[in-house]
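Would you mind keeping the following structure in view while I ask a few things?
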Amino acid sequence: MSQLLQPVVQETTPALIARQLRRAIGQGELAPGEQLNEAELSRHLGVSRGPLREAMQRLTQEGLLISIRNRGVFVIEVTNDDVRDMYLARTAVERAAAARVIQLDAAGGGDRLLAVSDTMRAAAEADDADALTEADVEFHALLVSLAKSPRLSRMHNTLMVETRMCITALEDRYSSHSIRYEEHLAIAQAIHDGDPAEADRLLVEHMDDAVARLEPA
């Protein structure tokens with residue numbers, strides 16, 4: 001039998017619900033501090049409360065929701081300390097990923113990242129902040145996936161759900177959308193050129209700059 005044919009992995013209902021809730025939190029549809037209404041969510045998603053509660057428990061364990069006794073379940077509110085900690089973790093993961101991508105296939109990986117940079121450029125030129133944010137998220141997810149490390153990818157997926165709230169907040173923190181595009185372009189080019197020191201430096205600067213923009217003046 002062909003090795004291309006692999007068993008189909010069927011997600012459980014709680015897993016599917018959890019994925020939708022993560023997306024809603026990351027995109028701000030469920031806002032920081034918002035209380036989750038079980039009855040409303042159950043009707044909206046077309047599921048019973050049992051699997052919904054299991055999904056909410058998963059997200060509580062991941063740190064995206066918080067359960068307060070006698071009050072309910074709420075979306076986490078991100079503090080300045082949380083922002084710094086999330087970006088610290090993301091920096092560690094993405095620096096490791098970038099170094100690995102350069103080892104595996106600098107030119108090929110760089111080409112794919114440059115293609116996403118082109119998408120960012122088009123969004124910036126169209127003044128489309130939503131499309132720019134989507135491409136921003138895609139760039140970082142691709143960077144880590146190119147490292148071909150399941151563990152790095154798992155860690156990064158969780159971190160990106162949390163930091164997506166921050167990335168959305170960054171939309172109005174730049175004087176020009178082109179700044180975001182140019183930062184990602186430089187990282188992609190350094191990886192394409194097989195320059196680990198430059199890629200590492202640019203990633204650290206990129207993350208530090210994001211934290212500085214997110215913190216109140």
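Collect the residues in segment 5-59 that are modelled with pLDDT under 90, surrounded by 15 or more Cβ atoms within 10 Å (Cβ to Cβ) and of a type in the set (S, T, N, Q), keeping them in residue-number order.
T13, Q20, Q27, listed by residue number.
Something else: Return the residue satisfying two criteria in turn: it lies in segment 98-133 and is loosely packed, with under 14 Cβ neighbours inside 10 Å and touching a residue at least 60 places away in the same chain (Cβ under 8 Å), and of such residues it is nearest to T163 (Cα to Cα).
Once the filter is applied, the top-ranked residue is D111.
When you look at R43, is it under 22 Å from R164 (Cβ atoms) and either over 23 Å from the mean Cα position of the chain (by Cα) or in a helix (DSSP H, G or I) (or both), yes or no? Reasoning before the result, please.
On the way: under 22 Å from R164 (Cβ atoms): no; either over 23 Å from the mean Cα position of the chain (by Cα) or in a helix (DSSP H, G or I) (or both): yes.
Against the criterion (under 22 Å from R164 (Cβ atoms) and either over 23 Å from the mean Cα position of the chain (by Cα) or in a helix (DSSP H, G or I) (or both)), R43 does not qualify.
Looking at segment 153-162, can you tell me whether even one residue there is more than 9 Å from the chain's Cα centre (by Cα), among the polar types (S, T, N, Q) and under 17 Å from A92 (Cβ atoms)? Lay out the reasoning, then the answer.
Initial filter on segment 153-162 (more than 9 Å from the chain's Cα centre (by Cα)): 153-155.
Restricting the remaining residues to those that are among the polar types (S, T, N, Q) gives 153.
In the following step, the residues that additionally are under 17 Å from A92 (Cβ atoms) were identified as 153.
Yes, segment 153-162 has at least one match.
Determine whether R95 is open to solvent by 20 Å² or more (accessible area, probe 1.4 Å) and under 30 Å from I187 (Cα atoms). Outline the logic, then answer.
Numbers: open to solvent by 20 Å² or more (accessible area, probe 1.4 Å): yes; under 30 Å from I187 (Cα atoms): yes.
Yes; evaluated as a whole, the condition is true for this residue.
Yes or no, residue by residue, for (1) in a helix (DSSP H, G or I); (2) open to solvent by less than 40 Å² (accessible area, probe 1.4 Å); (3) within 17 Å of M120 (Cα to Cα); (4) modelled with pLDDT under 80:
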site: I167; (1), (2), (3), (4): yes, yes, yes, yes
site: S175; (1), (2), (3), (4): no, no, yes, yes
site: R180; (1), (2), (3), (4): yes, yes, yes, no
site: H184; (1), (2), (3), (4): yes, yes, yes, no
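The values are calculated or read from the model by the stated rules, or taken from the named source; none is laboratory data. Given the structure is predicted, the values throughout are model-derived calculations rather than measurements. When we count neighbours, we look across all protein chains shown, and the Cβ atoms used for this are built from the backbone with ideal geometry, even at glycine. Surface accessibility is based on the protein's heavy atoms, side chains included, excluding ligands, DNA and RNA. Shrake-Rupley method; radii C 1.70, N 1.55, O 1.52, S 1.80 Å.
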